[in-house]
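The structure appears right after this line, and notes come after that.
The values are calculated or read from the model by the stated rules, or taken from the named source; none is laboratory data. These numbers come from a predicted model, not from an experiment. Positions of Cβ are backbone-derived with ideal geometry, glycine not excepted, and every protein chain shown enters the neighbour counts. When the accessible area is computed, the model is the full protein with side chains, heavy atoms only, and any ligands, DNA or RNA have been set aside. Shrake-Rupley method; radii C 1.70, N 1.55, O 1.52, S 1.80 Å.
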Amino acid sequence: MSLTLHGIGVSKGIAIGKVYILEHEQIEIIEYCVPKPHIDLEIKRFQQALDLARKQLQKIRDHTPKLRTVDIAAFIEAHIMMLEDSMLSTAPIELIRKFQCNAEWALQKQCDSVVQVFAEMEDPYLSARKTDVQQVVARVQRILRGHTDTPVEMASEHFVNAIVVAEDLSPADTVLMQHYGILAFVTEYGGATSHTAILARSLGIPAIVSLPRACSYIQPHDQLVIDGSLGVVVVAPSEEISHYYRSRQREQKRQTAALGKLKSSPVVTLDGTPITLQVNIEFPEDMEVVNRVGGEGIGLYRTEFLFMNRDQPPTEEEHLDAYLRVIKAIKGGPVTIRTFDLGADKPIGKRHEGPLATNPALSLRAIRLCLKELKLFKPQLRAILRASAHGQVRLLIPMVSGLQEILQVRKLIAEIQEELTQRSLPFNPNLPIGIMVEVPAIAVCTDLFAPQVDFLSIGTNDLIQYTLALDRVDGTVNYLYDPLHPAVLRLIKMSVEGANHANKPISLCGEMASDSRYVRLLLGLGLRAFSVHPQAFLEIKQTINTSDLTGLSELTNKLMKTVSATETLSIIERFDHLAKVVI
Ligand code: PEP
Ligand code: MG
């Protein structure tokens, strides 16, 4: 009999195949006393294990696929750096000397205290790093116990065309398993923002995380179906179910091939209204996929990723180098550079400085942080201005909540323009300056703020978080995250009307625009410009090109007056019926 389980789908796609259960390795750590004359030898044994672990990770790093949307090698590099950090390389040696104990026990003792520190951190990103420490330590423990290969390396031949089910997976394991040919994976732990989930999306592996007791419910060699979009796992599917998913898989392949043909077609609705469709990026490397799908403009470049996985903030030259790479790759198209949106779930560098805020999402984040940390902000502003001499650069300010912030940025820009003139460095004196509409206060008063700027971009990810008073990274309140809440829809409509009234362009760059179910609704709300993630670009183009604006506003108005979830769903389905052509 088949069994259906639900987890969090973090990387879309359907996979059908045999299970391989990657057993969680129990490394038994025994404590024993090392006689004084043998202490140096024990330390040497520990250092050799560290050395071998480093070599293993370096080998994996050097074999990671290049030109992916995420710097995969950097994740492995982070594990190598942990291994080299004194918390794991020196502290255990002190414990060996102090307690005259064996290396395994000293390392475990040290690992437990480091993990405890990470676990107590309120920041979800930092507290999730305790898993990285445990994975690095497990590798060294394994070597100390005489096993040189990890469970993944030992099971390499089982991965070909397998769906791997595991308690948890490290980024290094994920890279290796992809190399060995897995179809998909399911884990008991992990969240959508874990490095492993990011990697799965980047590597194109369908994946489901946070499926409690998956390793107990699923048996070795079971047949499995994975739907990575919905987070559904079907164990031992009947012939009918397998048949259904196989046909969906074929349909997806057909759709992907059909979408490819849209690459060079214009973005225009069935009634002839042209729509601007741009792309969101996080790294200059993303430009490879942007070019592949035919993206001609960057509507949102999230520059905060330049600050991550490093100790020192990027220099002006490093900012400039990244921006010039994007400008070059977009071949004359617009590049909207958003000043860094750090704080809340995206801490500065590796460690959070200063006291932890009670409500980080309402605290020193984005433009608030930029204006407080001018030594971080000014090099970025200089680089954006310098980059503006080389292409159609626009500057976008995140999380604006009042006029003062816009005026302060303008003042800083004027000062930097003076400086650059003195340094004889070219820049665009009319650099367009825009704001994100993601704080409800701005959405309600867009008519007042639009005249102060050159363009606006609605960030629904945050607009929803702040309107519905729920933390967007907190799984316990995720069920309340509702893009179709009438309050959210009314705020979007008010923003569009406010911008139109001031004759200023407005776009929407939140995840809502990358979800084809909502695009017709957004068109009905009056939006005529979107920025979406590159993987969604062609699908959204197809949805727009098969939409007729006639009748959309009537349905939209109904939705803005609906509080019943069932009624909302039935209205959303009717939007699709308005599509006249299906590719
Ligand atoms: C948003 O809030 O919708 C947005 C695009 O910004 P980010 O997701 O980077 O906060
Ligand atoms: Mg935002």
| Within a Cβ distance under 11 Å of LEU525, other residues only, what is the Lys/Arg minus Asp/Glu net charge? | +3
| said: Please report the spacing between the Cα centers of the stretch 229-286 and the stretch 90-125 in Å, no decimals. | reply: 46
| query | Projected onto the charge dipole of the chain (+1 at Lys/Arg Cβ, -1 at Asp/Glu Cβ, origin at the Cα centre), which of HIS79, GLN134, LEU262 gives the Cα projection farthest towards the positive end? | reply | LEU262
| message | At 1.4 Å probe radius, can you tell me the per residue accessible area of the chain in Å²? | response | 46
| task | Just the number, please: carbon plus sulfur as a percent of the accessible area of the stretch 36-144, 1.4 Å probe, no ligands or DNA/RNA counted. | result | 54
| message | How high is the relative contact order of the chain? Use alpha-carbon pairs under 8 Å, at least six apart in sequence, and give a whole percent. | response | 14
| query | How large is ³J(HN,Hα) for each residue in the stretch 258-273, as worked out from phi by the Karplus curve 6.51 cos²θ - 1.76 cosθ + 1.60 (θ = phi - 60°), to whole Hz, x for Gly and Pro? | reply | 5, 4, x, 6, 7, 3, 9, 7, x, 9, 8, 6, 4, 8, x, 7
| said: Which one, ALA172, TYR301, GLN422, projects farthest toward the positive side of the charge dipole computed for the chain from Cβ point charges (K/R +1, D/E -1)? | reply: GLN422
| request: With unit charges on the beta carbon (Lys/Arg positive, Asp/Glu negative), name the residue among CYS33, HIS390, ALA236 whose Cα is farthest towards the positive pole of the charge dipole of the chain. | output: HIS390
| Cα pair distances exceeding 40 angstrom across the chain, given as percent | 32
| For GLU317 and ALA257, what does the FRET efficiency come to when R0 = 35 Å and r is the distance between their Cβ atoms, rounded to the nearest 0.05? | 0.25
| said: Quick check for me: using +1 on Lys/Arg Cβ and -1 on Asp/Glu Cβ, what's the dipole size of the stretch 268-548 about its Cα centre, in debye to the nearest 20? | reply: 360
| request: In debye, nearest 20, what is the charge dipole magnitude of the stretch 366-521 about its Cα centre with +1 on Lys and Arg Cβ and -1 on Asp and Glu Cβ, if you could check? | output: 380
| task | Report, in whole Å, the centroid distance computed from the Cα atoms of the stretch 471-549 and the stretch 404-450. | result | 24
